[in-house]
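Have a look at the structure below before the remarks.
Bear in mind that the values in this text are calculations on the coordinates, not laboratory data. None of the values given here were measured: they were computed from a predicted structure. Cβ atoms come from the backbone with ideal geometry, glycine included; neighbour counts cover every protein chain shown.
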Amino acid sequence: MNEFVDPLLVAVLLTNFFVLGTSRLRAAITGTALQGSILGVLALFVHHEIDFRILLVAGGAILLKALVIPGMLLRAMRDAAIRREIDPVIGFIPSLMLGALGTGLAVVFANTLPLASSHVGSLLVPAALATVITGFILLTTRRKAIMQVGGYLVLENGIFIMGLTLLKAVPFLVELGVLLDLFVGVFVMGIIIEHISRNFSSLDTSRLSSLKE
């Protein structure tokens with residue numbers, strides 16, 4: 001395992017906490033974009049040899065996760081004229097505490113898994129599980145639809161990290177399929193964001209409870 005992998009994974013974990021702790025939507029989107037950039041670089045260092053498949057996965061990750069999707073979210077934020085997440089379901093400090101708890105549990109659980117020898121002692125699997133947990137926390141504790149899309153993006157980042165452990169074993173189309181699912185999911189969420197904003201003049205998903213037949 002390359003010596004740069006664990007420092008990059010620590011940076012991924014730090015971006016998890018940054019996104020959990022910030023109330024600024026632009027900062028949160030920037031954090032997810034930074035995390036996407038880190039994952040693109042990470043894909044180059046996970047394996048000892050760099051081939052065309054790895055280069056394509058890394059480039060696709062940076063393009064979609066760091067540029068295209070964050071750009072879509074920033075545009076939606078500007079169109080909706082909002083700047084910060086107000087009154088989330090769970091406050092930012094409790095969210096950080098849940099994130100820390102989830103990260104600790106991820107490390108403990110990863111140590112019980114039958115990992116390949118190259119992954120034993122690495123942060124690859126713990127970081128993947130912790131990032132999935134962080135995305136789930138964001139999805140379930142944030143009211144703004146934009147931030148929920150960000151949570152979906154973070155959750156998929158965790159799945160992407162886990163997929164890097166199998167990049168040599170599974171067909172490239174599996175990795176490409178993950179990125180395509182992410183793009184389609186965010187595209188659909190973009191449509192939902194537009195309709196929520198148009199009908200409620202707000203992106204607070206709790207307003208959906210006012211819909212009646």
| Magnitude of the Cβ-charge dipole of the range 23-109, K/R +1 and D/E -1, about the Cα centre, nearest 20 debye? | 340
| field | Part-to-part distance (alpha-carbon centres) for the range 32-111 and the range 126-147, which is given in Å | value | 10
| Taking a point 7 angstrom from the Cα of ASP87 along the C-beta vector, which residues in the range 119-158 have backbone N less than 18 Å away? | 141-148
